[in-house]
Each structure stands twice: as C-alpha cells, then as structure tokens.
Amino acid sequence: MSAIKKVHLVYFSPSGSSEKVLKKIASAISKDIPVETHDLLTPASRKKEYNFGSGDLVFFCTMTASLVLTKFDEIFGCLNGNGVPFVGVVTFANTLYMKVILLEEIKKYAEKRGFKVVALGAFPAVHTLAASLGSEGRPNAEDEKLMMDFGRRVYEKIEKGDYVLHDKIGADTSDADAEKVSSYRAVESGGHHVFPFREKAISDACIKCKTCVRHCPVDAIDIENKTFDLDKCIGCWACINRCPKKAIKATSPELAGLLEKFSGAVTVPFEAEIVM
Ligand SMILES: Cc1cc2nc3c(=O)[nH]c(=O)nc-3n(C[C@H](O)[C@H](O)[C@H](O)COP(=O)(O)O)c2cc1C
Ligand code: SF4
Ligand code: SF4
C-alpha cells in the first residue's frame, strides 16, 4: 500500500511554464494516485484556505523573479501543511539567482506553514522576458528526463519513509558563480532592474478579451482605461505573454540594457539543480 493517497500540485505560474514543469514532474508518480491542482495565480485563489492532511503529498512550483518573493507571504499564507511532505520547485531561465535565494525562501516558507520539505528542484524553462536570453528550446528532452527522474526519486524517497532533506542548497555553486550571484544581488539592492519590467502600454490591437486581466496575479490592469497600476505590478509578464493579440508591449527605454545585463549573468552550464 502506498504512503501517498493524493498528490496536490500547487503553482504560481504567470506565463504557464511552471505549471507545465510541475505536471511533467508529477507524471512520474504512480498513475493510481489521484492528482488535484491548485492554481494560486489570482488574488481570489489566495483568499481561500488549502488544508492538507494524512496521505497527501504537495508539489509546489513558482517562476523565478525577485518581485515574486514579495508575494510569498500571501502565496504560502493560504497553505496549511499539517506535517505533510512537500516538494518545492522553481523554473528559471538563465541565472543562478534562484538557486541561492528562491529555493532557500521556499524551504523557509514551507516549513513555517507546517510542511516537511523532502526535496527541492530548479528546472530550466524558456525566459518569459525574451527566449534569446540563453533559453531557446528549454525545457528540452534532457530537461524533461531530469524532471521525470526527479518525480520518480521523490516517490521512492517518500515510500521509504525518508522525509529528511540531506543535500545543501547551492552546494555545487562555484566561486565564479558566487561572484555572479553577489553582483546580481548588488544590482537588485540598487532597486534598478525591476522597474523597467513593469512599464507597459496596450495598443489598438486590443480586443478587450480580458485574458490579461484574468491572469494578472495582482489585479493591476484596468482594461477599460488601458492602464496599469505599476505600484501593484510585479513585472511577471503574464499579461504580455498571454495576450492573444500581442497588444501589450514593455515600454521602458532601459529594458534593452537590462536584458543585456541579464544575458551576461547566464549560468554555465544552464541545468537543473536537485536537492534531496
Ligand atoms: C521580471 C522577470 C524576472 C526574471 N528573473 C529571472 C532570474 O532572475 N533568473 C532566472 O533564471 N529567470 C528569471 N526570469 C525567467 C522566469 O523565471 C522563467 O521564464 C520562468 O520559467 C517563467 O515561469 P512561468 O512561465 O510559470 O511564468 C524572470 C522573468 C521575468 C518576467
Ligand atoms: S489580453 Fe490583450 S487583447 Fe485581451 S484584453 Fe488584454 S490586452 Fe486586450
Ligand atoms: S500587470 Fe504586472 S503583475 Fe499584472 S500580469 Fe502584467 S506584468 Fe504581471
């Protein structure tokens, strides 16, 4: 008899990659175990309470972006772990940034909410700011194989009753990588790089379908007036990537320079990180 009675997939996935990656990972778990999904993108979804209990296994996935961290109180605040096993996942697209910050934050928040963190994983996906940032074609077949392996190893680990995280996060980070992380943090603490991702405009191509409104994680879009509340906006680019008419464009003149800085931070090699 399996120790797992139900798998829960909890995700915050503005442009859809994190949802897809999580589903790929979970597809390696026995097909006999039912799966329930919990999409935490909208503010309304985070006003509900999600209570987990005996026999549940929770997989969580978010995108990497610094302003997503400002939503962690809300995202984790609606989850009650009650001691069930938890697997934290991030999708990322070019930099090491998340390895040392996001995975640690996810672990900290999950434990605070009463989960037992049994595994963490970071997996490559296409960059939602621009695929040209070293992420064309990701995840590729090799990435997907690693996702499935990860899902299988999690399953075996829990079936063995091993709920302890043995590896250290970022243990394989080289000195050169650590240097990149600290220079990235320096840019971030200057507060410069986040704002240009938020400035946007809606063109006449808009058909007022409200797809952007439905996928904005912070209710920052006024589609009648075609304006954005930039104080609320977390720069996730869900609106830009999901608009069927490509009517939303980033407008900051600083964006190109910042994307260049991002491409300079490309992780070599750009591959998955697994902590178990
Ligand atoms: C504003 C912004 C900032 C981002 N910052 C990073 C980053 O620091 N490091 C990284 O590897 N990817 C970064 N990304 C890329 C996303 O994390 C990546 O494309 C992710 O898979 C998107 O997930 P989603 O499709 O579920 O939204 C950023 C994306 C955006 C829009
Ligand atoms: S998703 Fe695009 S077309 Fe639809 S309302 Fe938003 S901007 Fe307009
Ligand atoms: S308005 Fe900002 S927070 Fe809302 S979807 Fe667009 S980029 Fe994301």
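The values are calculated or read from the model by the stated rules, or taken from the named source; none is laboratory data. These figures come from a predicted structure and were not determined experimentally. In this analysis, Cβ positions are derived from the backbone assuming ideal geometry, glycine residues included, and neighbour counts consider all displayed protein chains. Note: areas computed on protein heavy atoms with side chains; ligands, DNA, RNA excluded. Shrake-Rupley method; radii C 1.70, N 1.55, O 1.52, S 1.80 Å.
Worth a mention:
- Flag for T227 being open to solvent by 20 Å² or more (accessible area, probe 1.4 Å), within 12 Å of ligand 3 (Cβ to nearest atom) and closer than 23 Å to K47 by Cβ: no
- In region 196-205, of all residues being surrounded by fewer than 16 Cβ atoms within 10 Å (Cβ to Cβ) and of a type outside the set (D, E), the one that is farthest from ligand 2 (Cβ to nearest atom) corresponds to A201.
- Cβ pairs under 7 Å, 6+ apart, first in region 56-74 and more than 14 Å from E19 (Cα to Cα), second in a helix (DSSP H, G or I) and open to solvent by 10 Å² or more (accessible area, probe 1.4 Å): S66/E188; L69/E105; F72/E105; F72/Y109
- Among the residues of region 74-94, those identified as assigned to a loop (DSSP other than H, G, I, E, B) and open to solvent by less than 10 Å² (accessible area, probe 1.4 Å) are C78, G81, V84, N94.
- Conditions (1) touching a strand residue (DSSP E or B) at 6+ places or on another chain (Cβ under 9 Å); (2) of a type in the set (G, A, S); (3) modelled with pLDDT under 95; (4) exposed (fewer than 13 other Cβ atoms within 10 Å of the Cβ): number failed by A250: (4)
- Search result, residues across region 1-12 that are free of Cβ contacts under 8 Å to residues at least 60 places away in the same chain and in a loop (DSSP other than H, G, I, E, B): M1, K5
- Sole exception among (1) more than 28 Å from R138 (Cα to Cα); (2) not in a loop (DSSP other than H, G, I, E, B) for V68, by number: (1)
- Matching option when the condition is open to solvent by less than 20 Å² (accessible area, probe 1.4 Å), in contact with a Phe, Trp or Tyr (Cβ under 9 Å, 6 or more places away or on another chain) and in a loop (DSSP other than H, G, I, E, B), among L22, L41: L41
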